[in-house]
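Okay, so here's the structure we're looking at.
The values are calculated or read from the model by the stated rules, or taken from the named source; none is laboratory data. Here the structure is a predicted model, which means the values were calculated and not measured. Every residue, glycine among them, receives a Cβ derived from its backbone with ideal geometry; neighbour counts consider all protein chains shown. With ligands, DNA and RNA removed, areas are computed over all heavy atoms of the protein, side chains included. Shrake-Rupley method; radii C 1.70, N 1.55, O 1.52, S 1.80 Å.
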Amino acid sequence: MSGAVIDYWFDFGSPNCWLAHAILPGIAERTGSELRYRPMLLGGVFKATGNQSPVQAFGHLPVKMQWMNHATARFVKRYDVPYASNPHFPVNTLKLMRGAIWIREAQGEDAFARYVDAMFRHMWVEPKKMDDDGVIAAALTESGFDADAFAEGIQLPDVKSALLEATQAAVDAGVFGAPSCTVGDELFFGKDDIELMERWLA
């Protein structure tokens, strides 16, 4: 299905969003598709849809949690993706997701792409407590961004509103969790379903 548009709905707080991010560019290239990154606030999606995180939903089932961890390990090995569990999980990503909106609007797509790579790295490759203002500022500076401008930008009313609107757009598209991709009316949820999406596109 060459020429298809893949909308990737993501939140930095999901480890599976990082893993999907690692394979999606290759899927888009092999299928001749356009890949569009769509930031959203996963907590807002959960609230709107009545969903909850896997840890909340299945934390009382040790066998299920063990399987999920093993499935992640298999995925990481298969694709040779750098990954480290974040000891501070769950991390409140409100500021990071507002940052994604602000960076794209203020600095353009190239800066947005660098920001996405950097924030995923600080969350799931060199894991940090990315809801601490000082830690965020240090990570931004290390990654070549102006931490002071960022702190001001994410407080702009238009940026706050834009993230709310982006989150509602995800819900309107049928998204109930992350990672999710939509291609037209088709929804692919979870890193494994996103793998299968490549066959569907082909």
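Looking at this structure, is Glu29 without any contact (Cβ under 8 Å) to a residue 60 or more places away in the chain, exposed (fewer than 12 other Cβ atoms within 10 Å of the Cβ) and either out of contact with any helix residue (DSSP H, G or I) (no Cβ under 6 Å at 6 or more places or on another chain) or not in a helix (DSSP H, G or I) (or both)?
yes
Can you tell me how many residues within segment 156-197 are open to solvent by less than 50 Å² (accessible area, probe 1.4 Å) and in contact (Cβ under 8 Å) with a residue 60 or more places away in the chain?
Number of matching residues: 22.
Residue check: is Val63 more than 17 Å from Phe10 (Cβ to Cβ), among the β-branched types (Val, Ile, Thr) and open to solvent by 80 Å² or more (accessible area, probe 1.4 Å)?
For Val63, the condition - more than 17 Å from Phe10 (Cβ to Cβ), among the β-branched types (Val, Ile, Thr) and open to solvent by 80 Å² or more (accessible area, probe 1.4 Å) - is met.
Which members of segment 136-155 meet the condition of being surrounded by 15 or more Cβ atoms within 10 Å (Cβ to Cβ) and either in contact (Cβ under 8 Å) with a residue 60 or more places away in the chain or assigned to a helix (DSSP H, G or I) (or both)?
Correct list: Ile136, Ala137, Ala139, Leu140, Ala147, Phe150, Ala151, Gly153.
Would you tally the residues in segment 85-117 being of a type in the set (Gly, Ala, Ser) and open to solvent by 40 Å² or more (accessible area, probe 1.4 Å)?
Going through segment 85-117, the residues of a type in the set (Gly, Ala, Ser) turn out to be 85, 99-100, 106, 108, 111, 113.
After this cut, where a residue has to be open to solvent by 40 Å² or more (accessible area, probe 1.4 Å) as well, the list is 85, 106, 113.
So the answer is 3.
Hey, among the residues in segment 156-202 that are hydroxyl-bearing (Ser, Thr, Tyr) and assigned to a strand (DSSP E or B), which one's farthest from Trp67 (Cα to Cα)?
If we take residues in segment 156-202 being hydroxyl-bearing (Ser, Thr, Tyr) and assigned to a strand (DSSP E or B), then Thr182 is farthest from Trp67 (Cα to Cα).
For segment 72-93, what are the residues that are touching a residue at least 60 places away in the same chain (Cβ under 8 Å) and among the aliphatic types (A, V, I, L, M)?
Val81, Val91, listed by residue number.
Being assigned to a helix (DSSP H, G or I) and in contact with a Phe, Trp or Tyr (Cβ under 7 Å, 6 or more places away or on another chain) narrows it down to one of Val45, Val63, Val55, so name that one.
Val45
Just for segment 68-84: of the residues that are open to solvent by 80 Å² or more (accessible area, probe 1.4 Å) and in a helix (DSSP H, G or I), which one is nearest to Leu42 (Cα to Cα)?
Checked segment 68-84; the qualifying residue nearest to Leu42 (Cα to Cα) is Asn69.
Is there any pair with a first residue in segment 112-130 that is over 14 Å from Val91 (Cα atoms) and a second that is outside any helix (DSSP H, G or I) whose Cβ atoms are under 6 Å apart and which are 6 or more apart or on different chains, and what are they?
Matching pairs, first to second residue: Ala118/Ser143; Val125/Pro82.
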